[in-house]
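Notes follow once the structure below has been shown.
The values are calculated or read from the model by the stated rules, or taken from the named source; none is laboratory data. Please read these numbers as outputs of a predicted model, since none were measured by experiment. Reconstructed Cβ throughout: ideal geometry from the backbone, glycine too, with neighbour counts over all protein chains shown.
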Amino acid sequence: MSAASFGEIDGVKISVAIFLIFIRIVPEDIKEDVFEIHLSDFEKSEVSIPQYEPDPRNICMIQDLIEKIDRDESFPFKAACMFLYPQLKLHYKDELKKMMNLADVIANKAEQYSDNDDILVFACKCINDFISKNENVKNKINAADVNRYVLRIGDIAFVSSNLFKRIMLPVLEVSQMDIIKNQLQSVGVIEGKIGDYTVKKLIAENKRLRFIKFNLVKIFKILNSDIGEF
């Protein structure tokens with residue numbers, strides 16, 4: 001989201017930027033519209049953000065605008081935008097519209113994340129749903145098949161990184177791939193060295209390719225148990 005320039009402080013032009021704080025992740029579909037900064041980026045430095053105070057003459061107008069906002073999940077974001085309305089209404093209506101639209105997107109993703117309950121369970125469900133369809137699984141595959149089929153040997157499934165990304169598309173709407181893999185590996189769903197999510201597997205044509213190795217028993221237990229047990 002671009003900043004909206006207006007006014008001066010001690011002869012210096014100032015701009016407005018909206019800061020959105022996410023506890024875990026930034027939704028994938030708004031990443032291109034915001035600057036993403038992780039908390040670790042500030043651990044060794046101090047950040048000073050000047051406080052913005054609206055002109056007292058605009059307080060009543062701001063209050064009236066806030067009263068007109070629907071009391072849904074987007075309300076806190078839109079209410080914050082209204083404090084900037086007096087400065088943006090004349091020359092930066094497009095910026096204000098972007099902020100209001102972004103508020104709806106963020107609220108929708110927050111609600112979706114809540115409905116999904118937990119990234120770990122959601123990811124396991126997507127894997128299980130895909131593997132449950134027999135047409136997606138083979139017990140032998142060649143190099144041409146690796147991005148189309150899951151290689152299943154007993155209770156172990158081998159999935160290429162590209163295919164896994166496709167399976168995880170619903171989860172990627174509310175999380176990030178590294179977080180998903182870390183969650184799955186932390187409970188043993190993904191097997192392998194910590195931080196290394198792939199293993200080499202010999203397939204047809206005597207080729208050794210890299211796959212993500214899944215423990216299907218672990219997936220079953222997570223989907224049928226209290227998540228607090230893991």
Residue 186: passes all of (1) small (Gly, Ala, Ser); (2) within 17 Å of residue 223 (Cβ to Cβ); (3) surrounded by 15 or more Cβ atoms within 10 Å (Cβ to Cβ) but (3)
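The rows are residues; the columns are (1) without any contact (Cβ under 8 Å) to a residue 12 or more places away in the chain; (2) at positive phi; (3) crowded, with 18+ Cβ neighbours inside 10 Å.
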| residue | (1), (2), (3) |
| --- | --- |
| 160 | no, no, yes |
| 163 | no, no, yes |
| 194 | yes, no, no |
| 204 | no, no, no |
| 208 | yes, no, no |
| 225 | yes, no, no |
Out of the residues in segment 59-74 that are in contact (Cβ under 8 Å) with a residue 24 or more places away in the chain and either surrounded by 17 or more Cβ atoms within 10 Å (Cβ to Cβ) or not aliphatic (A, V, I, L, M) (or both), which is farthest from residue 104 (Cα to Cα)? 62
Filter result (modelled with pLDDT under 90 and touching a strand residue (DSSP E or B) at 6+ places or on another chain (Cβ under 9 Å)) within segment 186-200: 192, 193, 197, 198, 199, 200
Considering every residue within segment 135-143, establish whether at least one is within 26 Å of the chain's Cα centre (by Cα) and not assigned by TED's automatic domain parsing to the domain that holds residue 106. no
With the checklist (1) closer than 22 Å to residue 107 by Cβ; (2) modelled with pLDDT of 80 or more; (3) surrounded by fewer than 16 Cβ atoms within 10 Å (Cβ to Cβ) in hand, flag the one item residue 93 doesn't pass. (2)
Is it the case that some residue within segment 146-153 is in a helix (DSSP H, G or I) and surrounded by fewer than 16 Cβ atoms within 10 Å (Cβ to Cβ)? no
Scan (1) crowded, with 16+ Cβ neighbours inside 10 Å; (2) closer than 30 Å to residue 213 by Cβ; (3) modelled with pLDDT of 75 or more for the single condition residue 129 breaks and write down its number. (1)
For residue 113: the one exception among (1) crowded, with 17+ Cβ neighbours inside 10 Å; (2) at pLDDT 85 or above; (3) closer than 30 Å to residue 220 by Cα: (2)
Looking at segment 174-182, is at least one residue out of contact with any Leu (no Cβ under 9 Å at 6 or more places or on another chain), β-branched (Val, Ile, Thr) and either part of a loop (DSSP other than H, G, I, E, B) or surrounded by 13 or more Cβ atoms within 10 Å (Cβ to Cβ) (or both)? yes
